Number of protein chains: 2
Amino acid sequence: MKIAITGAAGLIGRKLTERLVADGTLNGRPIAHMLLMDILEPAVPEVAGGSDIVFDTQAVDISAQGAYDRLASLKPDVVFHLAAIVSGEAELDFDKGYRINLDGTRALYDTVRQGGFNPRLVFTSSIAVFGAPFPDAIDDDFHSTPLTSYGAQKAMGELMLSDLTRKGMLDGIGIRLPTIVVRPGKPNKAASGFFSGILREPLMGQRAVCPVSADVMHWMASPRSAVGFLIHAAGLDGARIGPRRNLTMPGIAVTVGEMVESLGRVAGSEPVNRIDWEPDEFISGIVAGWPRNFDAARAAELGFTAEQDMDSIIRVFIEDELDGTTH
Amino acid sequence: MKIAITGAAGLIGRKLTERLVADGTLNGRPIAHMLLMDILEPAVPEVAGGSDIVFDTQAVDISAQGAYDRLASLKPDVVFHLAAIVSGEAELDFDKGYRINLDGTRALYDTVRQGGFNPRLVFTSSIAVFGAPFPDAIDDDFHSTPLTSYGAQKAMGELMLSDLTRKGMLDGIGIRLPTIVVRPGKPNKAASGFFSGILREPLMGQRAVCPVSADVMHWMASPRSAVGFLIHAAGLDGARIGPRRNLTMPGIAVTVGEMVESLGRVAGSEPVNRIDWEPDEFISGIVAGWPRNFDAARAAELGFTAEQDMDSIIRVFIEDELDGTTH
């Protein structure tokens, strides 16, 4: 089993790599070779007792000429395509967004179809392919009318993925990730950053600002679930999926108020008291255009699973990132 | 008023040009200049008594470097983007389909946004952006899951059009045309060709083959209506449309059996008897994946209109193409 991961140095890429190395297998076959690609050279995970996997790391701009040459030589059985610039950057730099998120994806598709191999290609799309107004719960037949360039680029990648798969040129599955919480690391300026921040900082003994009101609802899953989606997608029988190859992943629709209640249940009142409620019109306005809730029936039928409640999502963070200790 | 038309030598492009020249105005302003582009040099329509319009014709591959240089120099107020390779060719030649229908469209968008002018850009999309299975009537919120490369390319063009419009880089409207009947000219090998053929040839005294059963339903409008959609789209207030810039155009859902009944009502039993019913499994299979019926509510609200029945569509053909005479 040979695996290539683009965007391997990002949060999900790192966790996916670690999980694959820990498992040692994918789709029931031992992993022999992993190609890890990112704009900065990805780290090879340290393995207690060593690993038989041959690692190859590549620092590369996926939109550059020849970016996928090594991937083409490897002829991987599974490609996880996670590389992208994020929503905020794609919105600020129109050309770069289309260059990386669309052209960089298309170059991967072209490499695969021209390379004479036919890997399972798992494309990470996003619920950003949807734009307001929405029904109460977005079902699997609802149209993609993104309100960000990032969402448009992901939706275009989805269309081409389905088309190439229909033509037998690759074997693609697009998975639309929920917003991932709780992200570890430092606070960032992403408009969605507070969804992690209002849990992460308080659990680590620091104050956090919540810029929206308690009734704001959003669709979320843990990083551990995101990795689970990717691995499940890698092994799924294409015949079961049919020609509609892009799937909204499961998650939970929770309000900010419910998140904070959950924080109190899991970690007590002290972390809750570290949240400063400072409404921000700009961020509230952006968030108002985002999906709130889904009916992700197809993904559930196909066996994708995620946490059922926010308490579990918070416990995943405490286990995976805080070694079980809160402040 | 300066106008550019890509695909000006095609059926709709020619009829649009003729209509604009006959009107002499668009959006209430006199037409001063028209740039007509196509892969083969478009003809300038002959005008009884002459015309004050300055015509510029250009034979060009829209995916070629510099294809839109003349358009950029003209800085048109309205661009009608009709150029595309058709569904069958895009399916046979994957690379050419993406090159012309996606890259050629993107190059136009780039020309406009980099050119410092902000025209109304009317993009002809297609009901091919939809793929089976369908509800009884496809509403304005139904997702695009095309089952042809042509449909995927049009859907990608739609996404980018909306994104650029949202960013203020152009002022786009995408209109999803129904299947256009009755197309004049010779029979062609398009899978949809029989929808016109079973009316056109019999009305001209020739035999025609119907390769599908009488209960096959499809969504149709006349060439005259298609031109009407384009002109209406050119003048529509963008604020009324909102951020969802791609609209399914009105049409009628009729069965092949109803089409033939209509032919009998309008032109008598002789043309009807010229139809040979010879079911073709291959064509029937393709057509089974096509949309049957729509609820095009948004387009209706925005003032787009089409024929209400097949009798009217047949009469349009007899008036516009047969000088009122049938055989």
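FYI, it's all coordinate maths here, none of it is from the lab. Small disclaimer: the values here were computed from a predicted structure and weren't measured. Glycine gets a Cβ as well: all are built from the backbone with ideal geometry, and neighbour counts include every protein chain shown.
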- Helix A:256-267 versus the longest principal axis of chain A: what angle, 0 to 90°, nearest 10, using Cα atoms? 90 degrees
- 10 Å binning of all Cα-Cα separations within the protein assembly as shown, expressed as whole percents from 0 upward: 3, 15, 23, 23, 17, 11, 5, 2, 0, 0
- Message: What translational diffusion coefficient, to the nearest whole µm²/s, does the range B:24-69 have by Stokes-Einstein, given a Kirkwood radius computed over alpha-carbon pairs, a temperature of 20 °C and 1.002 mPa s viscosity?
- Response: 177 µm²/s
- Amide proton proximity set for residue A:246, modelled H, under 5 Å, gap of 5+: A:174
- Restricting to Cα pairs under 8 Å and 6 or more apart, the percent relative contact order of the range A:80-239 works out to 23 percent
- Task: Take A:201, A:281 and order them by how many other Cβ atoms sit within 10 Å, fewest up front.
- Result: A:281, A:201
- Cut-off under 5 Å, modelled amide H: who pairs with residue B:294 long-range: B:138
- Message: Please compute the contact order of chain B in relative form: average sequence separation of alpha-carbon pairs under 8 Å and at least six residues apart, divided by the residue count, as a percent.
- Response: 17 percent
- Task: Measure nothing but the geometry: give the 0 to 90° angle between the long axis through the Cα atoms of B:193-203 and the longest principal axis through the Cα atoms of chain B, rounded to 10°.
- Result: 60 degrees
- Task: With a bin width of 10 angstrom, please list the P(r) values of the range A:43-107 as percents of all Cα-Cα pairs, from the 0 bin to the one holding the largest distance.
- Result: 17, 41, 28, 12, 2
- Query: Which distances in nm, rounded to one decimal and ordered from shortest, link the label point of residue B:277 to the equivalent label points in the other identical copies, with labels set 7 Å from Cα toward Cβ?
  - Reply: 7.0
- Regarding the range B:1-52, what are the three Cα extents along the principal axes, ordered largest first, in Å? 29, 22, 15
- For chain A, what ratio Rg/Rh do Cα atoms give with a Kirkwood hydrodynamic radius? 0.96
- Message: Let's test the formula: R0 of 41 Å, r as the Cβ-Cβ distance of residue A:33 and residue A:261. What FRET efficiency results, to the nearest 0.05?
- Response: 0.35
- Highest GNM mean-square fluctuation, chain B, Cα pairs closer than 10 Å: which of B:143, B:33, B:81? B:143
- Query: Can you tell me the Rg and Dmax of the range A:246-299, counting just the alpha carbons, in angstroms?
  - Reply: 14.7, 42
- Label point 7 Å beyond Cα along the C-beta direction, distances from residue B:94 to other copies (nm, shortest first): 3.1
- Message: Can you tell me the orientation of helix B:310-321 relative to chain B, as the angle in degrees between its alpha-carbon axis and the longest Cα principal axis, to the nearest 10?
- Response: 70 degrees
- Query: Quick one: which of A:96/B:75; A:75/A:167; B:15/B:186; B:96/B:154; A:96/A:189 span more than 22 angstrom between C-alpha atoms?
  - Reply: A:96/B:75
- Relative contact order, percent, the range B:27-86 [alpha-carbon distance under 8 Å, six or more residues apart]: 33 percent
- Message: With 10 angstrom as the radius, rank A:15, B:2, B:96 by how many other C-beta atoms surround their C-beta, starting from the fewest.
- Response: B:96, A:15, B:2
- Message: Quick query: amide H of residue B:216 versus all other amide H atoms, modeled in the peptide plane; which residues come in under 5 Å with a sequence gap of 5 or more or a different chain?
- Response: B:256, B:257
- What value does the range B:1-87 have for Rg/Rh, both radii from Cα atoms and Rh as Kirkwood defines it? 0.95
- Which of A:282, A:227, A:322 sits closest to the plus end of the dipole of the range A:221-327, meaning its Cα is farthest towards the positive end, when Lys and Arg get +1 and Asp and Glu get -1 on the C-beta? A:227
- Computed Rg/Rh of the range A:26-184, alpha carbon atoms with Kirkwood Rh: 0.99
- Query: Given 10 Å bins starting at zero, what is the percent of C-alpha pairs of the range B:94-226 in each, up to the one with the largest pair distance?
  - Reply: 11, 33, 33, 18, 6, 0
- Counting Lys and Arg as +1 and Asp and Glu as -1 over every other residue whose Cβ sits under 14 Å from the Cβ of residue A:28, the net charge comes to -1
- Considering chain B as a Gaussian network with a 10 Å cut-off on Cα pairs, which listed residue, B:222, B:87, B:269, attains the greatest mean-square fluctuation? B:269
- Task: Please work out the ratio of the alpha-carbon Rg of the range A:125-188 to 2.2 N^0.38 Å and round it to two decimals.
- Result: 1.31
- Quick one: what are the phi-derived ³J(HN,Hα) couplings along the range A:212-225, Karplus 6.51/-1.76/1.60 with θ = phi - 60°, whole Hz, x for glycine and proline? 10, 7, 5, 8, 5, 10, 8, 10, 9, 8, 7, x, 5, 5
- In whole Å, what three semi-axes, largest first, describe the equivalent ellipsoid of the range B:83-136 built from its Cα gyration tensor (square root of 5 times each eigenvalue)? 26, 17, 8
- Message: Can you compute the charge dipole magnitude of the protein assembly as shown about its Cα centre, using +1 on each Lys and Arg Cβ and -1 on each Asp and Glu Cβ, nothing else charged? Give it in debye, rounded to the nearest 20.
- Response: 840 debye
- Item | Residue among B:58, B:153, B:308 with the largest mean-square fluctuation in a Gaussian network model of chain B, springs linking Cα atoms under 10 Å | B:308
- Under 15 Å from a point 7 Å along the Cα-to-Cβ line of residue A:301: which residues of the range B:119-161 have their amide N that close? B:132-135
- At R0 = 41 Å, FRET efficiency that the Cβ-Cβ distance of residue A:51 and residue A:96 yields, to 0.05: 0.70
- How large is log10 I(q)/I(0) at q = 0.15 Å⁻¹ when the Debye formula is applied to the Cα atoms of the range B:174-219, each weighted equally and without solvent? -0.40
- Query: How much net charge surrounds residue A:185 when only other residues with a Cβ under 10 Å from its Cβ are counted (Lys, Arg +1; Asp, Glu -1)?
  - Reply: +2
- Message: Percent of Cα-Cα pairs more than 17 Å apart in the range B:201-250, please.
- Response: 61 percent
